[in-house]
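Asks: One structure, as structure tokens, below. Some questions next.
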Amino acid sequence: MFKNFANVWTIVGVAQDLKRVAPLAMRVAGERVVLFRDDAGKACALIDQCPHRGVALSLGRVEYGVIECPFHGWRFDGAGRNCHVPWNPDAKRENLAATSLPCREAGGLLWLYTGFDPTEEPEPSQTLTAQDRVALCAQSVTWKAHWTRVMENMLDSPHLPFVHRSTIGRDLAKHVGDGRLEMVFESRTYGGRICASVDGSPRAGNMDYRFPNVMELFIDPPGKTFRLMVACIPEDEQTTRLWLLTVRSFARAPLFDFAFRWMNRRIAREDQAIVESSLPAEVPPPAEEASVRTDAPTLAFRKIYRERLLGSSASAPRRRECFAP
């Protein structure tokens, strides 16, 4: 399960979008997953497949913190325990559980663990945990591309003056031709810090790579916080869902969200067709594509991907045991 993306915490949505009365369906690394809230309001996740006849639990309803299968009415709580089997009062419900997954809320976001036994909790950026002084604006888009191509695009600055020459790449475009761009990837416990300079002068707009699949761009005006974060969630080998997050300490009223979403969509559209045209679909070993000095951040990501994610998988518990969050 979760082939090549197993045993990691990933952002999968915004906490406020998960309501008590409706399940939230998604695909993560080839697996169907359903999220819902239990009777205490806690976010829970199950593999979106009833153990009875395999139908999607997300097509059912949520009542009193349990999700009901739409086919035969079997009910499951947030830990996957079977709470009711209609017509079968003598059923051994302890053997009829759904498969649960670790799920958390942190930094205003929903996090899913692509496995069954996490040894650590999700570690959101400090930008997200400062909710008392920032506003979070979020939206998602879907690209027909392998998530590794999408991720390295987010870590790549040299493309800005060409793909985004009329938006975020306008300033860097002035230096194309005779300028020397330096890209440095500094390893950090969470992933890496990416710094750029042109002709020896540091550039504003450093960024962080947060393992496994998040980019955070620092574009703070003087005395303010303004960050763009992108989470690249693999739905399957051909599709990536991007969560575009704008975090700011100014213009915090929700009525400003429209402008930030509009700009994020515009920038994402500038990248989309180009990234979707990449061949091969998945990033190959470094030796199979030409690279230069300014590719240091993307080559660092490829190394991390091949060492920590490629070939990974998670095995569901053999017995119908429930994960206790």
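Asks: I'm checking my understanding of the structure. Among residues of segment 152-179 that are modelled with pLDDT under 85 and touching a strand residue (DSSP E or B) at 6+ places or on another chain (Cβ under 8 Å), which one is surrounded by the fewest Cβ atoms within 10 Å (Cβ to Cβ)?
Replies: Gly179
Asks: Let me ask something additional. Output yes when any residue across segment 201-209 is surrounded by fewer than 16 Cβ atoms within 10 Å (Cβ to Cβ), at pLDDT below 95 and farther than 19 Å from Asp156 by Cβ, and no when none is. Steps first, please.
Replies: Start the filter on segment 201-209 by keeping residues that are surrounded by fewer than 16 Cβ atoms within 10 Å (Cβ to Cβ), which leaves 201-202, 204.
Pick out the ones that are also at pLDDT below 95 and you get 201-202, 204.
Next, from what is left, pick out any that are farther than 19 Å from Asp156 by Cβ: 201.
For segment 201-209, residues surrounded by fewer than 16 Cβ atoms within 10 Å (Cβ to Cβ), at pLDDT below 95 and farther than 19 Å from Asp156 by Cβ: present.
Asks: Which residues, counting only those in segment 267-282, are within 18 Å of Met229 (Cα to Cα) and without any contact (Cβ under 8 Å) to a residue 12 or more places away in the chain?
Replies: Answer for segment 267-282, where residues must be within 18 Å of Met229 (Cα to Cα) and without any contact (Cβ under 8 Å) to a residue 12 or more places away in the chain: just Arg269.
Asks: Moving to a separate point now. If I go through segment 107-127 residue by residue, how many of them are surrounded by 22 or more Cβ atoms within 10 Å (Cβ to Cβ) and aromatic (Phe, Trp, Tyr)?
Replies: 2
Asks: Identify all residues within segment 1-45 that are among the basic types (Lys, Arg) and at pLDDT 95 or above; write none if there are none. Steps first, answer last, please.
Replies: Step one: list which residues in segment 1-45 are among the basic types (Lys, Arg), which gives 3, 19-20, 27, 32, 37, 42.
Answer for segment 1-45, where residues must be among the basic types (Lys, Arg) and at pLDDT 95 or above: Lys3, Arg27, Arg32, Arg37, Lys42.
Asks: Taking into account only those residues within segment 217-235 that are modelled with pLDDT of 95 or more and either touching a Lys or Arg at 6+ places or on another chain (Cβ under 6 Å) or on the phi > 0 side of the Ramachandran plot (or both), which is surrounded by the most Cβ atoms within 10 Å (Cβ to Cβ)?
Replies: Ile233
Asks: If I filter segment 1-23 down to residues being of a type in the set (A, V, I, L, M, F, W, C) and more than 15 Å from the chain's Cα centre (by Cα), which single residue comes out as nearest to Ala98 (Cα to Cα)? Quick ask: steps written out before the conclusion?
Replies: If we filter segment 1-23 for residues that are of a type in the set (A, V, I, L, M, F, W, C), which is where we start, we get 1-2, 5-6, 8-9, 11-12, 14-15, 18, 21-22.
Those still in the list that are more than 15 Å from the chain's Cα centre (by Cα) too: 1, 18, 21-22.
Numbers: Met1: 15, Leu18: 20, Val21: 20, Ala22: 18 Å.
Checking each candidate, the answer is Met1.
Asks: Among the residues of segment 250-283, count how many are closer than 21 Å to Ile11 by Cβ, of a type in the set (S, T, N, Q) and outside any helix (DSSP H, G or I).
Replies: Qualifying residue count, segment 250-283: 0.
Asks: Checking Arg170 against (1) basic (Lys, Arg); (2) in a loop (DSSP other than H, G, I, E, B); (3) touching a residue at least 40 places away in the same chain (Cβ under 8 Å), which test does it fail?
Replies: Of (1) basic (Lys, Arg); (2) in a loop (DSSP other than H, G, I, E, B); (3) touching a residue at least 40 places away in the same chain (Cβ under 8 Å), only one is false for Arg170: (3).
Asks: Then there is this: Got at least one residue in segment 111-123 being more than 24 Å from Gln238 (Cα to Cα) and not in a loop (DSSP other than H, G, I, E, B)?
Replies: The initial filter retains those residues of segment 111-123 that are more than 24 Å from Gln238 (Cα to Cα), namely 116-123.
With the extra rule that they be not in a loop (DSSP other than H, G, I, E, B), the set shrinks to none.
So far as segment 111-123 goes, no, none of its residues is more than 24 Å from Gln238 (Cα to Cα) and not in a loop (DSSP other than H, G, I, E, B).
Asks: Which one of these does Ala91 not meet: (1) in contact (Cβ under 8 Å) with a residue 40 or more places away in the chain; (2) in a loop (DSSP other than H, G, I, E, B)?
Replies: Every listed condition holds for Ala91 apart from (1).
Asks: Let me confirm something: among Ala56, Ala40, Ala29, which residue is hydrophobic (A, V, I, L, M, F, W, C), farther than 25 Å from His72 by Cβ and either touching a helix residue (DSSP H, G or I) at 6+ places or on another chain (Cβ under 8 Å) or surrounded by fewer than 21 Cβ atoms within 10 Å (Cβ to Cβ) (or both)? Give the derivation first.
Replies: Working: Ala56 fails: farther than 25 Å from His72 by Cβ; Ala29 fails: either touching a helix residue (DSSP H, G or I) at 6+ places or on another chain (Cβ under 8 Å) or surrounded by fewer than 21 Cβ atoms within 10 Å (Cβ to Cβ) (or both).
Result: Ala40 is the single residue among Ala56, Ala40, Ala29 that is hydrophobic (A, V, I, L, M, F, W, C), farther than 25 Å from His72 by Cβ and either touching a helix residue (DSSP H, G or I) at 6+ places or on another chain (Cβ under 8 Å) or surrounded by fewer than 21 Cβ atoms within 10 Å (Cβ to Cβ) (or both).
The values are calculated or read from the model by the stated rules, or taken from the named source; none is laboratory data. If you're wondering where the values come from, they're calculated on a predicted model, not measured in any experiment. Cβ sites come from the backbone with ideal geometry, for glycine too, and all protein chains shown count toward neighbours.
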